[in-house]
Amino acid sequence: MLFGQSVFQSVLERLKAEAETTEDAEAPAAHRVSGLGTGLAFDVMAGVSVASQRVGQAYFDNLDLDAAGVVEKPAPAPPPEPIMPDHLVRTTPQEVAEELAISAADTLLTLREKRRAFARANHPDGVELPFRDNATKRMMLANLLIDEALRRLSR
C-alpha cells in the first residue's frame, strides 16, 4: 500500500477505508449518546423537556425559599421624571446671543473658547432625551452666531 504512493496519498486511503467501516456499522439508537455507557433520562412531555420550558426557574425549582427566610425584593421604583435645566428654555436668538456675549473685541481664540464652553453646557448629547430638541436649537443658534462673528473678524 505504501509502495508507489506518497505519504499523503496513503493517509487519504487509510482515512477513506476507516470512513467506509464506520458507515457500515449499525447506527446508534436515537436516545443513546455515542461513547456514553447509559442512556440519558429526561422528563419529557410531548417531545419537549420540562426544564427547557422554564429556563429561568431551573435553579429555583429545587430551593425552598420560604423555609430559608428569603423574601422577594419589591420591584424598583421607576426613575423620577427629568427636570429641564433653566438654560435650555431660552431658545431665541437674542437669548443665546446674550449668553455668548460676543463683542467686537473678541479674537479668534476667544470665539473658539466661547464655542467650546457653550457646547460643554448645551450639547444635545449631554442632556436628557426629552430636552435634546431645545439643546439642538441652542447649539445651532450659537454656532450660527459664532460663525458670523468669525466671518466678520476675517474681513
For segment 86-154, calculate the relative contact order in percent as a whole number, restricting contacts to Cα pairs under 8 Å that are 6 or more residues apart.
-> 43
Could you give the nm distance between label points at SER103 and LYS73, where each point is 7 Å from its Cα heading toward the beta carbon?
-> 5.5
Give the long-range amide H neighbours of ARG90: residues separated by 5 or more places, or on another chain, with amide H under 5 Å away, using H modelled in the peptide plane at 1.01 Å from N.
-> none
Under 5 Å from the placed amide H of ASP106, counting only residues 5+ away or on other chains, we find none
Give me D for segment 86-154 in µm² s⁻¹, whole number, from Stokes-Einstein with Rh from the Kirkwood sum over alpha-carbon pairs, 10 °C and 1.306 mPa s.
-> 130
Determine, for ILE102, ILE83, the number of other Cβ atoms within 10 Å of each Cβ, and report the residues in order from fewest to most.
-> ILE83, ILE102
So LYS16 and THR92, fully extended at 0.36 nm per residue minus their Cα-Cα distance, gain in nm 19.2 nm
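Only the coordinates and a few stated rules stand behind these numbers; no lab work does. Source: prediction; values computed, not measured. Using ideal geometry, Cβ is built from the backbone for each residue, glycine included, and neighbour counts are taken over all protein chains shown.
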